[in-house]
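Structure first, commentary second.
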Amino acid sequence: MDTQQHSIKKEAETTFPVDPLIKKRWSPRAFSDRPVSEAAIATLFEAASWSASSYNEQPWSYRYAFRSDEAGFHRLLSCINEGNRSWAQHASVLVLSLAQAHLDRSGKPNRHYFHDTGAANTTLLLQAASMDIYGHMMGGFDYEKTRAEFGLEEGLEPVCFMALGYLGSPEQLDEPLRSREQGSRSRKSIEDFTHKINK
């Protein structure tokens, strides 16, 4: 059953005004049965491609599968930790984000490769939110199994998995995930992580 009509909105309540798209983006665990199209995924990857990166190296790459493609989807899902797998299995698309640790131009280490891939992932998720597609990034996965399952060469590092789809209903989830899905969002105040340099 498509649970889109029962989904919840969790717009951020900010102290200072920020763009509505930033307020809109959050990380759900309940996904609708509504499929994400090939064209929509292509748009998300296009957005990621325009993210800023050191020397324009664009060290990110992605492996992905639609839930309808059972074999590929299961390969990705099997690498995710059990706690995440319980809800991620209902996403329309699973994505593995990868980062290349060395510079193409010189072969030397790229000290910004994880940073730049994270920036691309965020750009992808903001584009997704603009299309009412939501994503949840997961660091809970089996690193060695992921490397082996996809035959990752040296220097190509798994960064995170992403579950993508349209919003579903919190009622799909068991506790404690249901309460987390319905709970309010919060962030540190900017005073907690900024320091103005006066001299």
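The values are calculated or read from the model by the stated rules, or taken from the named source; none is laboratory data. What you see is a predicted model; the values in this text were computed from it and never measured. Cβ sites come from the backbone with ideal geometry, for glycine too, and all protein chains shown count toward neighbours.
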Quiz item: How many residues, within the range 48-82, are within 22 Å of Asp33 (Cβ to Cβ), crowded, with 18+ Cβ neighbours inside 10 Å and small (Gly, Ala, Ser)?
Solution: 1
Quiz item: So which residues in the range 13-27 are buried (at least 16 other Cβ atoms within 10 Å of the Cβ) and either at pLDDT 95 or above or part of a helix (DSSP H, G or I) (or both)?
Solution: Lys23, Lys24
Quiz prompt | Whichever residue in the range 185-199 is part of a loop (DSSP other than H, G, I, E, B) and in contact (Cβ under 8 Å) with a residue 24 or more places away in the chain and, among such residues, is surrounded by the fewest Cβ atoms within 10 Å (Cβ to Cβ) | solution = Ser189
Practice problem: Sort out which residues of the range 138-169 are surrounded by 21 or more Cβ atoms within 10 Å (Cβ to Cβ) and either of a type in the set (Ser, Thr, Tyr) or in a loop (DSSP other than H, G, I, E, B) (or both), and write them in order of number. | Solution: Thr146, Tyr166, Gly168
Quiz item: Filter the range 22-51 for residues that are among the aliphatic types (A, V, I, L, M) and touching a helix residue (DSSP H, G or I) at 6+ places or on another chain (Cβ under 6 Å); which is farthest from Ala120 (Cα to Cα)?
Solution: Ala30
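Looking at Phe193, Phe141, Phe114, which is the one that is out of contact with any Leu (no Cβ under 8 Å at 6 or more places or on another chain), closer than 17 Å to Glu57 by Cα and of a type outside the set (D, E, K, R)?
On the way: Phe193 fails: closer than 17 Å to Glu57 by Cα; Phe141 fails: closer than 17 Å to Glu57 by Cα.
Testing whether each residue is out of contact with any Leu (no Cβ under 8 Å at 6 or more places or on another chain), closer than 17 Å to Glu57 by Cα and of a type outside the set (D, E, K, R) leaves just Phe114.
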